[in-house]
Amino acid sequence: MLLVWIIVFSSLGSVGAVITATVFLLIREPIQKFLIPCLISFASGTLLTAALLGLIPHALNHLDPRTTLSTVLIGIFLFFLLEKTVIWRHCHDMECEAHRTVGPMIIIGDAFHNATDGLVIAGSFLISIPIGIAATISVIAHEIPQEVGDFALLLHSGYSKRKALILNLLSSITTLPVAILAYFALDTMRTAIPYVMAISAASFLYIALTDIYPELHSKVGLKDEIREFIMMILGAGIIIILLQFHY
């Protein structure tokens, strides 16, 4: 039964996010520009809360604080190196440096990142269904704006809508097989789960603090700031509510 949960939510976190992002692009551009900051603000709230109140506390239940935080630190360094080598990118702006790389590199980067999402989702469900759902919501929340940017980039690079959609879907399907493999691997190696949770927390923290927050700070205006803060609190609140079912 647990494997079914992992398959369903891995599919929602990958293919579902791509399809939602594609539909999102059909919305009028002014509405897109209004909604994307709301989505990434919401994502920041879910990512930080899932990492700090869900994943890290679980790791601390099985590892000493020094080992847990050392693993998180190593994870942050790892994701920094991956981002520097243009293998693993997060960006919601077509004009940024990351989006000036060629289309195939974007697809490779997405495939690698979606595989990481599969590991996060499977490991979270092995802790409990509420934490698994919370992790998946966090994944979806930050994947949709990213997929919107990637889809738009591919169109801007000369790809047809059909080809851009197919390429995005192909890069997204890595989530499911990795999630299934992780389920069987981690189920037999339970001692590895706390380390996976610490690395997953590092991933969420890195995305929120280095990719999302700088982008939110680029917009100046009281109305924007209030709206972004409300969406952050909303994202955090939803994850907190879900985590209550774990305890």
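Please treat every number below as a calculation from the coordinates, not as lab data. Source: prediction; values computed, not measured. Note that each Cβ is placed from the backbone with ideal geometry, even for glycine, and that neighbours are counted across all protein chains shown.
Per the Debye calculation on segment 48-244 with a single equal scatterer at every Cα and no solvent contribution, log₁₀ I(q)/I(0) for q = 0.08, 0.12, 0.14 Å⁻¹ amounts to -0.27, -0.62, -0.84. Once the Cα atoms are used to define both axes, helix 175-188 deviates from the longest principal axis of the chain by about 10 degrees.
Only Cα pairs under 8 Å and at least 6 apart count here; give the relative contact order of the chain as a rounded whole percent. Mind dumping the intermediate values first?
Working: 343 pairs, mean separation 102.8, N = 247.
In percent, rounded to a whole number, it is 42.
I need the Kirkwood Rh of segment 170-233: take the reciprocal of the average 1/r across all distinct C-alpha pairs and report it in angstrom.
On the way: mean 1/r = 0.0677 Å⁻¹.
After inverting the mean inverse Cα-Cα distance, the result is 14.8 Å.
Separation of segment 51-65 and segment 134-160 by C-alpha centroid, Å? Comparing the Cα centres of segment 51-65 and segment 134-160, I get a distance of 29 Å. Projecting label points 7 angstrom from Cα along Cα→Cβ for residue 166 and residue 225 puts them 4.8 nm apart. Tell me the mean residue ellipticity at 222 nm calculated for the chain from its helices only (DSSP H runs of n ≥ 4, each -39500 (n - 2.57), averaged over every residue, nearest 500). The helix contribution divided over the chain gives -25000 deg cm²/dmol. Listing 29, 225 from fewest to most neighbouring C-beta atoms within 10 Å gives 29, 225. Charging the Cβ of each Asp and Glu at -1 and of each Lys and Arg at +1, and nothing else, the dipole of the chain about its Cα centre rounds to 240 debye.
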